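Take a look at the structure set out below.
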Amino acid sequence: MNNRIALLALLAATGLAACQPNVVNVPVPVATPGPAGPQGATGSQGNDGTTGAKGNQGNDGTTGATGATGYQGNDGMKGDKGKTGDATTVIVLPGAASSPSN
């Protein structure tokens, strides 16, 4: 009976070891680009488009009405007669002459 337990333990250990998969990493080669090919031919120029139609001229606007003429104001009142002056004489001097410009 002692042998049976040891034998079962050995079988269980080898059975579990067989279940583990071995992972193998395989390197993937990197693609390197080759030399560039020749340039393609230049394409032809497209046709000119057609000219659009001319638009219509807009209508003239209306003229505004003339404003009314205002009323003339009233005449002012005549002022009072001035007083006679005393014997004082007032002398008004002309302004200073400006210098000639160069």
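The values are calculated or read from the model by the stated rules, or taken from the named source; none is laboratory data. All figures in this text were calculated on a predicted structure; none of them were measured in a lab. Side chains are part of the model used for accessible areas, which takes the heavy atoms of the whole protein and leaves out ligands, DNA and RNA. Shrake-Rupley method; radii C 1.70, N 1.55, O 1.52, S 1.80 Å.
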Per residue of the stretch 48-64, in order, report the coupling 6.51 cos²θ - 1.76 cosθ + 1.60 (Karplus, θ = phi - 60°) as ³J(HN,Hα) in whole Hz, putting x for Gly and Pro.
6, x, 7, 7, x, 6, 7, x, 6, 7, x, 6, 6, x, 7, 7, x
For the chain, what is the mean residue ellipticity at 222 nm derived from helices alone (per DSSP H run of n ≥ 4: -39500 (n - 2.57); sum divided by total residues; nearest 500 deg cm²/dmol)?
-6000 deg cm²/dmol
Helix 2-19 sits at what angle to the longest principal axis of the chain, using alpha carbons and giving 0 to 90 degrees rounded to 10?
40
Given the options 32, 66, 84, which has the most mean-square fluctuation in a GNM of the chain, springs set between C-alpha atoms less than 10 angstrom apart?
84
Note, ³J(HN,Hα) from phi for the stretch 33-42, Karplus 6.51, -1.76, 1.60, rounded to Hz, x at Gly and Pro:
x, x, x, 6, x, x, 6, x, 6, 6
Which entry is the computed Rg and Dmax of the Cα atoms in Å for this structure: [x] 23.7, 87; [y] 13.5, 40; [z] 60.6, 168?
[z]
Within the chain, what whole-number % of the accessible surface is contributed by carbon and sulfur, with the 1.4 Å probe and all protein chains included in the calculation?
55
Between residue 12 and residue 69, what is 0.36 nm times their sequence separation minus the Cα-Cα distance? Round to one decimal in nm.
8.1 nm
Per residue, accessible area of the stretch 44-93 with a 1.4 Å probe, heavy atoms of protein chains only, in Å², comes to 122
